[in-house]
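Worksheet: one structure, shown below.
The values are calculated or read from the model by the stated rules, or taken from the named source; none is laboratory data. Computed from a prediction, not measured in an experiment: that's the story for all the values here. Counting neighbours? That spans all protein chains shown, and the Cβs are built from the backbone with ideal geometry, glycine included.
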Amino acid sequence: MSEINPQLGTQPGGQQGQQVQVNLRDEKAINVYSNISRVLMGPHVEEVILELGTINHDPSKTEGLLMDISARVYMSVQGAKKLALTLSQVVQRYEQQFGPVELDVRKRFKQPG
């Protein structure tokens with residue numbers, strides 16, 4: 001699989017360089033499901049940590065929740081910004097097609113009775 005990104009290859013002085021073809025290899029990719037994420041500033045100045053996981057009820061606490069982290073991604077601030085913009089565009093397209101995404105669980109599901 002390959003992807004062409006015209007943003008790559010900018011030359012000094014602001015001139016746009018030739019397009020760069022990026023070949024994607026996903027043989028080593030691990031597929032995980034996530035219904036929760038956490039974003040942290042990394043230990044280094046230009047580092048962001050993205051944790052993905054699932055949230056479940058904590059059996060040791062009646063009102064507690066437990067986040068099981070299944071993936072932790074360290075990325076540059078620039079990479080995080082690109083990811084944020086791309087995610088925003090995907091959600092906007094989804095909402096245009098299917099309607100608003102409700103974040104409040106109590107509003108998503110009708111309470112019985």
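Summary of computed values
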item: Tabulated pairs, segment 70-95, first under 17 Å from I36 (Cα atoms), second hydroxyl-bearing (S, T, Y) and exposed (fewer than 12 other Cβ atoms within 10 Å of the Cβ), C-beta under 9 angstrom, 6+ apart or interchain; result: S70/Y33
item: Some residue of segment 34-50 being surrounded by 12 or more Cβ atoms within 10 Å (Cβ to Cβ), at pLDDT below 90 and among the polar types (S, T, N, Q); result: no
item: Filtered residues of segment 33-67 (kept if of a type outside the set (A, V, I, L, M, F, W, C), in a strand (DSSP E or B) and over 20 Å from L103 (Cα atoms)); result: E47
